[in-house]
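The values are calculated or read from the model by the stated rules, or taken from the named source; none is laboratory data. Fair warning: this is a prediction, and the values are worked out from it, not measured in the lab. As a convention, Cβ positions derive from the backbone with ideal geometry for all residues, glycine included, and neighbour counts pool all protein chains shown.
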Amino acid sequence: MKRISKIYVFLVMLFLYAPIFVLIVFSFNQSKSRANFTGFTFKWYKELFRNELIMTSLWNTLKIAILAAIFATILGTIAAIGMHSMKKRSRSLYMNITYMPVINPEIVTGISMMLLFVFICSVVNKVFGKGETILELGFWSVLVAHITFCVPYVVLNVLPKLRQMDNNLYEAALDLGCNPIQSFFKVIVPEILPGIMTGFLMAFTFSLDDFIITYFTNGSTLQTLPVTIYSMTRKKVNPQINALSTILFVAILIILVAMNIKQARDAKENSK
Amino acid sequence: MLKKSISFPYLLWMIIFVIVPLGIMVYFAFTTSGGSFTFENIEKISQYTPIFIKSINLAIIATIICFFISFPLAYILSRASDNYQRTSMLLLMLPMWMSFLLRTYAWMTLLENEGLINKFLGLFNIGPVQMINTPGAVVLGMVYNYLPFMVLPLYSIMAKIDNSVIEAAQDLGCNIFKVVIKVLLPLSLPGIITGITMVFVPSVSTFIISRMLGGGQNMMIGDLIEQQFIGSTYNPNMGSAMSLILMVIMLVVMGITSSLDDDEREGIVI
Amino acid sequence: MKKIALVLTFLMALFVFPFTENIQAKEKVNLRVYNWGEYVSNGEDGTLDVISEFEKKYPYIDVEYTTYATNEELYAKLKSGAANYDVIVPSDYMVSRMIEEDMLEKINFDNIPNFENVMDNFKNLSYDPTNEYSVPYTWGTVGIIYNKKLVDEKPTSWEALWDEKYTNMILMFNNSKDAFGIALKKLGYSQNSTDKKQLDEAAEELKRQKPVLQAYVMDEIFDKMSTGEAALAPYYAGDALTMISENPDLGFVVPEEGTNRFVDAMVIPKGVRHKEEAEIFINFMLEEEIAKANIEYLGYSTPMQDVYDDLDEEIKNDGISYPDKKILEKCDTFINLPDETNQYVQELWVDILASGQSSVFELIFLIAVILGLGLFMIIYLRRRKKNM
């Protein structure tokens, strides 16, 4: 039984990692072909940093992901704290709205936002621009869209932590002479910090890898990494992209392994 | 304790950027390009029924396969040692950090007639087997991309099931099959429901996977909608109508699955 | 807490920095060029990098270059209001459609002195009879690309794309205009037919073709043809040359039934912000050295007299980029068709893509799943009630 289950886990992992393995191997391929391995080279790694398109795309992606995650975390944490002290009925209204972007198909979120942004632009241009284009889809619209689909994940991660928290702590802090803001930062925030961190990380990850919503709201020229990759997959994917993914993959692997080791150590210490 | 009103900016934000856009979409769905009211868009969708049926079928198959792969996997992981669990979870999450476009593209390299799998089979004089550009390839792409979304909720709920419950059932004379049916399945139902929605929803609405692995022959609802907005058949009214139908299908599925689960759902388990 | 604040300020600074940089360099003009994929010499393998040449020559203009795959995609992007561009490169029929729908600016030809060098037979073409809106970029024909190793004999007719011998080895255009053009030509009709009966027949042909096809593609064809993944595919002559240079086993032929001759022209969309710079860009693309670099890279045919005169005799006579008069006589150019026809063709096209997808079996499967789920729910809910 033990052996069968180990083989089973191995097979699933093989399935998950087969394409990643292919990607990494072909980032070292001499020729541009993605079917024949003709020789080992590092040239795509060197050329990668000189490729302006990939570098600007990467920079845009990071900028949007970090900003969206920060805004979403602030907005979502505050919302969750407010929602925690609500009565059941008004909370369920908030919950329903929160679930909306989570369960809606991404393509529906994407196109509906595109319609809204186009509408906003046309109104602004008519009223303030007198026919000239002064506002158009671009960085701002992608950022707003990303914040919107990221906030729910923050709310959903912070709420359970609030429920675990002892409500009397806050009151106690007030009684001991803290003002509400002080007690908020000194008592509530440390209690729910793990939830906030998970929410932030999830928002960051989702924003980083989002293609569909960006695709519909990016306007004329804003290129994020997934958008660039998509337009490449329609012709021929430049091996430089493979190189970039390999670098990112290794970086994340190192971070996660380090976190894992630390966790394992903590767990050991706790059990002692 | 704290005032409820601090949630208000969030509500406002979500209304402006979630509810209003959906409202605009509904408005588009029921108007002509000139802006007058019509039911024509919705009526015309009937001609695309085959595509809708196909998409839903493929998504159902992908969801079922995901479930059957994930259920044993989640169970095995939840019974394994702490270290094994942690490492496996890490390995499971790791692929999600790599662009899903690239990973799907890499499947093309594997599945093509001149691809790696067929080359491998060629060594044994088998094939070439036609794999890419088939509905099967599309399902494979869906299973591949959304499998973690099924494993994670199942795992986190099974980790909470105490071993003694299973042992008790076995002591009372249940065989493995009965343990699964009578104990494991009912106890992990909330996780199953989350998993099903998290796999089914993106599967049914994808347009990337069907385009890359389906070769343009296996059109799905997502392709159809994308074409109406920034693809080759420009008609946002029609596209909005299709999106509306897609949303209704989703809501029906959610309604059914969540009626199975009587707890108030707060917080998707990831 | 302080640490977090520190990190936040650092991040903010990180983001404010590039913005301030932009404000200082505000003088710079951003010129947005929206072109076909693989449609400009980009500096690869020792070719001339046209866009950076342009930026070198006009340092105050910053080109933002993005690409599309079909005329219809370009049209949709402009029409949706989600995007604004300064220079776009639609094909003939799309130019006339845009002119009709008042989507283009008139070009000030005083700013385009190089227009003189355009051959006379590329001026005042039917899509822009008075030549006020467009400047030709390249032209070419559509033909069949085939892999000599995988195909027994050189194809001569569009029929080859329907050949069951090559089931699963044939690719087809993934846009309705070119696909219907081929089907209509094969049937001996005009590719600009508006006759519903003829269009229906063409749709039937395309449906009949579907089982032998490997995939519907656009630019994915470069990859699939040069790796030998597919044996036969219709595509543009210029791109065929690019593929042949990557894989010498490939050949190109213009079928005997005749084909589509297209012209891709540079135009300026309505309400453009930098019209003058757009004209400078268009003029730059017509400069002999630049046009030559583009043509050499693309393999498409040039409408410029000076560039043509300068070409190798070999290229002029290879029959791919500059086909015989005899073949050209049998070629049509797409014209803009009435809205009704466009709509009708679109509907037929989606119908073709969706055809053969859903069998009775699939419907039964869906109903079975739904019934099964319903049954499960009823049993489950009942049991739960009993337990309570």
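The residues on offer are A:ALA258, A:ALA203, A:ALA267, and the sole one that is in a helix (DSSP H, G or I), within 30 Å of A:VAL118 (Cα to Cα) and either among the aliphatic types (A, V, I, L, M) or out of contact with any helix residue (DSSP H, G or I) (no Cβ under 8 Å at 6 or more places or on another chain) (or both) is A:ALA203.
When the test is whether a residue is modelled with pLDDT under 90, of a type in the set (S, T, N, Q) and touching a Phe, Trp or Tyr at 6+ places or on another chain (Cβ under 9 Å), C:THR47 passes it. For B:ILE161, the conditions (1) assigned to a helix (DSSP H, G or I); (2) surrounded by fewer than 22 Cβ atoms within 10 Å (Cβ to Cβ); (3) of a type outside the set (Phe, Trp, Tyr) all hold with the exception of (1).
B:MET25 meets each of the listed conditions (1) more than 9 Å from chain A (Cβ to nearest Cβ); (2) in a helix (DSSP H, G or I) apart from (1). Would you confirm, using the coordinates I've provided, whether C:LEU171 is more than 24 Å from C:TYR75 (Cα to Cα) and hydrophobic (A, V, I, L, M, F, W, C)? Yes: the conditions hold for C:LEU171. Scanning the range B:229-248 for residues that are more than 7 Å from chain C (Cβ to nearest Cβ) and either of a type outside the set (A, V, I, L, M, F, W, C) or surrounded by fewer than 19 Cβ atoms within 10 Å (Cβ to Cβ) (or both) gives B:ASN235, B:ASN237, B:GLY239, B:SER240, B:SER243, B:ILE245, B:VAL248. Counting only residues that are more than 23 Å from C:VAL369 (Cβ to Cβ) and either within 8 Å of another protein chain (Cβ to nearest Cβ) or outside any helix (DSSP H, G or I) (or both), the range B:208-224 holds 5 of them. C:GLY81 passes all but one of (1) surrounded by 21 or more Cβ atoms within 10 Å (Cβ to Cβ); (2) on the phi > 0 side of the Ramachandran plot; which number fails? All conditions pass for C:GLY81, except number (1). Restricting the search to the range A:206-234, which residues are modelled with pLDDT under 90, farther than 18 Å from C:LYS77 by Cβ and either of a type in the set (S, T, N, Q) or not in a helix (DSSP H, G or I) (or both)? The one that is modelled with pLDDT under 90, farther than 18 Å from C:LYS77 by Cβ and either of a type in the set (S, T, N, Q) or not in a helix (DSSP H, G or I) (or both): A:THR233. Of the residues making up the range C:171-229, those that are within 12 Å of chain B (Cβ to nearest Cβ), within 20 Å of the chain's Cα centre (by Cα) and assigned to a loop (DSSP other than H, G, I, E, B) are C:ASN174, C:ASN175, C:MET218. Given the criteria within 7 Å of chain A (Cβ to nearest Cβ), at pLDDT 95 or above and part of a helix (DSSP H, G or I), does B:ILE76 qualify? In short, no. Only one entry in C:ILE379, C:ILE335 is surrounded by fewer than 16 Cβ atoms within 10 Å (Cβ to Cβ), more than 10 Å from chain B (Cβ to nearest Cβ), under 18 Å from C:SER91 (Cβ atoms) and not small (Gly, Ala, Ser), namely C:ILE335. Of all residues in the range B:122-149, those satisfying the criterion of being among the small types (Gly, Ala, Ser) and within 28 Å of B:LEU90 (Cα to Cα) are B:ALA137, B:GLY141. So for the range C:48-71 (the condition being on the phi > 0 side of the Ramachandran plot, within 14 Å of chain B (Cβ to nearest Cβ) and not in a helix (DSSP H, G or I)), does at least one residue qualify? No, every residue in the range C:48-71 fails to be on the phi > 0 side of the Ramachandran plot, within 14 Å of chain B (Cβ to nearest Cβ) and not in a helix (DSSP H, G or I).
Among the numbered conditions (1) within 31 Å of the chain's Cα centre (by Cα); (2) buried (at least 16 other Cβ atoms within 10 Å of the Cβ), the only one that A:LEU193 does not meet is (2). Does A:GLU52 satisfy being under 30 Å from A:ILE229 (Cα atoms), in contact (Cβ under 8 Å) with a residue 60 or more places away in the chain and of a type in the set (Asp, Glu)? No: the conditions fail for A:GLU52. Checked against the criterion of being under 30 Å from B:LYS182 (Cα atoms), surrounded by 13 or more Cβ atoms within 10 Å (Cβ to Cβ) and modelled with pLDDT of 85 or more, the candidates C:ILE352, C:ILE370 yield just one match: C:ILE370.
Only residues that are touching a residue at least 40 places away in the same chain (Cβ under 8 Å) and either aromatic (Phe, Trp, Tyr) or part of a loop (DSSP other than H, G, I, E, B) (or both) were counted across the range A:4-49, and they come to 6. Scanning the range A:132-187 for residues that are assigned to a loop (DSSP other than H, G, I, E, B), without any contact (Cβ under 8 Å) to a residue 24 or more places away in the chain and among the charged types (D, E, K, R) turns up A:GLU132, A:ASP166.
The helices (runs of 4 or more DSSP H) found entirely in the range C:237-305 that carry 1 or more residues being in the same structural domain as C:TYR133 (by TED's automatic domain parsing) are C:275-286, C:288-298. Do we have C:TYR344 as modelled with pLDDT under 85 and assigned to a helix (DSSP H, G or I) here? Answer is no for this residue. When the range A:44-88 is limited to residues that are basic (Lys, Arg) and at pLDDT 90 or above, the one that is surrounded by the most Cβ atoms within 10 Å (Cβ to Cβ) turns out to be A:LYS63.
Out of all the residues in the range A:100-121, is one or more touching a residue at least 40 places away in the same chain (Cβ under 8 Å), surrounded by fewer than 16 Cβ atoms within 10 Å (Cβ to Cβ) and of a type outside the set (Val, Ile, Thr)? Within the range A:100-121 (the criterion being touching a residue at least 40 places away in the same chain (Cβ under 8 Å), surrounded by fewer than 16 Cβ atoms within 10 Å (Cβ to Cβ) and of a type outside the set (Val, Ile, Thr)), the answer is no, since none of the residues qualifies. Counting only helices (runs of 4 or more DSSP H) that sit completely within the range B:81-130, those holding 2 or more residues that are farther than 16 Å from A:VAL22 by Cα and either under 29 Å from the mean Cα position of the chain (by Cα) or at the interface with chain A (Cβ under 7 Å from one of its Cβ atoms) (or both) correspond to B:82-93.
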